[in-house]
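Enquirer: Okay, handing you the structure first.
Nothing in this text is a laboratory measurement; each read-out follows from the coordinates by a stated rule. Quick caveat: nothing in here was measured; it's all calculated off a predicted structure. When we count neighbours, we look across all protein chains shown, and the Cβ atoms used for this are built from the backbone with ideal geometry, even at glycine.
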Amino acid sequence: MSNIKVRFAPSPTGYMHIGNTRTAVFNWLLARKLGGKFMLRIDDTDVLRSKKEYEDALRDVLKWLGLNWEEEARQSARLDRYREVVAKLQAEGRIYACYETAEELEVMRKRLMNRGLPPIYDRGALSLTKEQIAAYEAEGRRPHYRFKLVPGVIEWQDLVRGHCRYDAANLADPVIIREDGSFLYHLPSVIDDADFGITHIIRGEDHVTNTALQIQMFEALGAKVPEFGHLPLLTGTEGKLSKRLGSLGVRELREEGIEAMAISSFLAKLGTSEAIEPFYDLDTLAASLDLSKLGRSQPKFDVEELRNFNTHYVRSLPYEKVAARIGVNEEFWNSVRGNLNVVADINVWKKICCQKLKPVLEDAELTKQAAEILPPEPWNGETYSAWISELKKVSSKSGRALFHPIRMALTAAAEGPELKMLLPLIGREKAYSRLMGIEA
Ligand code: GLU
């Protein structure tokens, strides 16, 4: 096994949606492609918004998608470790206490903007005297803490975006601990990635600036900087364009009958130069992964397109990939799959073809005649039309008067799948009995 390790690090503050599912899919596929490990990290430092219910739901979705993880960690269980690192970095002068209130920071920000300058924190806290600090403390102010960036160029070769470059002079020292002592995302994430030996981080491009800051954090820890790849955000899913799509939960898609592999195939190829095609298992999809095929523009996610793709996926699904779920034989599956929208639609066909059914006789004379001229088996997709033309001749009936009683006798329903498809699946024995008015 290689040393490659990736992680998916959701915050359990909501249900899995298309956006974070895409991140999980890419990370998992990369781990598989490179023969590495996939880790689940629960980013639950925000105690107020993190909920067990969300965490359970996201585990369920990952399992359903087949994105299994070899290892897991929980940030709320690692606070002591984070504090230990903070103490060390503070002693080294890389973390410093600040006493400005949110209002004061806002005033400073506006003042800089008015002068046409970037709103970068001026590090005023670094020049506070002991007396000033004591006065703030006496006032009841509690410090928040910032990570001190060092001057220089921060660059990396992004797996998706190519060469990326930031000048630290244009970035503000990020706040890493709030006034109430709680951790912001940046530093714990880096400590975890370093401690767990994460080698590759694939995430949304909304994290690009964070990456610049975090590279300096990895360096401050003396850790190896991982590889980064930033995925262009989907439009229509990140809440920007459409609230409705943004909140679209994967659970709901699953309940609708969207297949796990249809979601993974769709998300892995959306926004790449490759066609979106069905992949029937994650290994094959992983083998096809090529991050350099991702474009730089933000792909549009349209749930209707996903639904259509799912239909296409279901209709092309090889029997061995669904056999365990459907309880019909291969011939049955191959005959009906072209008419299904979701796999569960197979139940309509199973009910008609495999279960006992009390026929409805609208024209007993006609259906008896029909039974008598049923051709011998084997039957195929052509059997029905040959049989019906013959019946038309012998009965001198046509149109609705001919078709409706036949359908009611064979299926006991006025509507349903095409009879031409159904007949071979019902089989001669059942068809004969039903046409004769016998439950079969
Ligand atoms: N919990 C963070 C998020 O969901 C993780 C970001 C990352 O991958 O580093 O945005």
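Enquirer: Once you have a ≥ b ≥ c as the square roots of the Cα gyration tensor eigenvalues for region 384-440, tell me rounded if a/c is under 1.5, and otherwise prolate or oblate according to whether a/b is larger than b/c.
Expert: Values: a/c = 1.44, a/b = 1.39, b/c = 1.04.
Verdict is rounded for region 384-440.
Enquirer: Something else about it: To the nearest 0.05, how large is the calculated FRET efficiency for Glu372 and Asn334 if R₀ is 30 Å and r is the Cβ-Cβ distance? Could you put the intermediate results ahead of the total?
Expert: On the way: r = 30 Å, r/R0 = 1.01.
E(calc), rounded to 0.05, equals 0.50.
Enquirer: Å³ per residue of the Cα convex hull, for region 323-440? Walk me through the numbers on the way to the answer.
Expert: On the way: hull volume 11.2 nm³, N = 118.
Once divided by residue count, the hull of region 323-440 is 95 Å³.
Enquirer: List residues of region 167-200, by number, whose backbone nitrogen lies under 19 Å from a label position 7 Å along Cα→C-beta of Arg49.
Expert: Backbone N within reach: 174-190.
Enquirer: Pop out the ³J(HN,Hα) list for region 377-384 in order, Karplus 6.51 cos²θ - 1.76 cosθ + 1.60 with θ = phi - 60°, rounded to Hz; leave Gly and Pro as x.
Expert: 6, x, 10, 9, x, 9, 4, 4
Enquirer: Report the normalised scattering of the chain as log10 I(q)/I(0) at q = 0.07, 0.09, 0.11, 0.14 Å⁻¹, calculated by the Debye formula with identical scatterers on the alpha carbons.
Expert: Each listed q corresponds, in turn, to -0.52, -0.72, -0.92, -1.26.
Enquirer: Enumerate the residues in region 105-136 having an amide nitrogen under 11 Å from the point lying 7 Å beyond the Cα of Asp167 toward its Cβ.
Expert: The answer is none.
Enquirer: Let me ask you something else. What shape does region 1-43 take by its C-alpha gyration tensor, where a ≥ b ≥ c are the square roots of the eigenvalues and a/c under 1.5 counts as rounded, a/b above b/c as prolate, and the rest as oblate? Please list the in-between numbers first.
Expert: Details: a/c = 4.77, a/b = 1.89, b/c = 2.52.
Oblate.
Enquirer: Run the quick spin-label model on Arg251 and Leu105: label points 7 Å from Cα toward the beta carbon, then report their separation in nm to one decimal.
Expert: Result: 3.4 nm between the two label points.
Enquirer: Expressed as a rounded percentage, what relative contact order does region 350-407 have, with Cα pairs under 8 Å and six or more residues apart?
Expert: Reported relative contact order: 43 percent.
Enquirer: Using a Förster distance of 56 Å, how high is the FRET efficiency between Glu137 and Glu71, based on the Cβ-Cβ distance and rounded to 0.05? If you can, show how the numbers build up before the last one.
Expert: Numbers: r = 42 Å, r/R0 = 0.75.
Plugging the Cβ-Cβ distance into 1/(1 + (r/R0)^6) gives 0.85.
Enquirer: Could you work out the relative contact order of the chain? I mean the mean sequence separation of Cα pairs under 8 Å and 6+ apart, divided by the number of residues, in percent. Let's see the in-between values first.
Expert: Working: 633 pairs, mean separation 58.6, N = 440.
For the chain, the relative contact order is 13 percent.
Enquirer: Placing +1 on the Cβ of each Lys and Arg and -1 on the Cβ of each Asp and Glu in the chain, which of Thr199, Leu79, Trp64 has its Cα farthest towards the positive end of the resulting dipole?
Expert: Trp64
Enquirer: Count charges around Gln90 for me, please; just the other residues with Cβ under 14 Å from its Cβ, Lys/Arg as +1, Asp/Glu as -1.
Expert: That sum, taken over residues with Cβ under 14 Å, equals +2.
Enquirer: How do His163, His230, His186 line up, fewest other C-beta atoms within 10 Å first? If you can, show how the numbers build up before the last one.
Expert: Values: His163 8, His230 22, His186 17.
Result, fewest neighbours first: His163, His186, His230.
Enquirer: Between Thr209 and Ala324, what FRET efficiency follows from the Cβ-Cβ distance if R0 is 51 Å, with the result rounded to 0.05? Walk me through the intermediate numbers first.
Expert: Details: r = 46 Å, r/R0 = 0.91.
Given R0 = 51 Å and the Cβ-Cβ separation, E is 0.65.
Enquirer: Same structure, new question: Rounded, prolate or oblate: which fits region 20-110 when a ≥ b ≥ c are the square roots of the eigenvalues of the alpha-carbon gyration tensor, with rounded for a/c under 1.5 and prolate only if a/b beats b/c? Kindly include the intermediate steps, with their values, before the conclusion.
Expert: Working: a/c = 2.30, a/b = 1.88, b/c = 1.22.
Prolate shape, in that a/c is at least 1.5 and a/b is the bigger ratio.
Enquirer: For region 22-170, how big is the tail of P(r) above 19 Å, as a whole percent of Cα pairs? Please list the in-between numbers first.
Expert: Numbers: 8015 of 11026 pairs.
Above the 19 Å cut-off, region 22-170 has 73 percent of its Cα pairs.
Enquirer: Alpha carbons only, please: Rg and Dmax for region 111-258, in angstrom.
Expert: Over region 111-258's Cα set, Rg and Dmax evaluate to 19.5, 66 Å.
Enquirer: Take Lys351 and Ala91, extend 7 Å from each Cα along the Cα→Cβ direction, and tell me the distance between the two endpoints in nm.
Expert: The modelled label-to-label distance comes out at 7.2 nm.
Enquirer: Please list, or write none, the aspartates and glutamates whose alpha carbon is within less than 18 Å of the alpha carbon of Lys110, excluding same-chain residues fewer than 8 places away.
Expert: Output for Lys110: Glu100, Asp122, Asp173.
Enquirer: With θ set to phi - 60° and the Karplus curve 6.51 cos²θ - 1.76 cosθ + 1.60, what are the ³J(HN,Hα) couplings of region 311-323 in order, to the nearest whole Hz, using x for Gly and Pro?
Expert: Here the 3J(HN,Hα) series is 4, 4, 4, 4, 5, 10, 5, x, 3, 5, 7, 10, 2 Hz.
Enquirer: Let me ask something else about it. Measuring from label point to label point, each 7 Å out along Cα→Cβ, what is the Leu117 to Lys224 span in nm?
Expert: 4.1 nm
Enquirer: Find how much the distance from Glu415 to Ser297 grows on full extension, using 0.36 nm per residue of separation minus their present alpha carbon separation; answer in nm with one decimal. Spell out each step's value before the answer.
Expert: On the way: separation 118, 0.36 × 118 = 42.48 nm, distance 4.62 nm.
So the extension gain works out to 37.9 nm.
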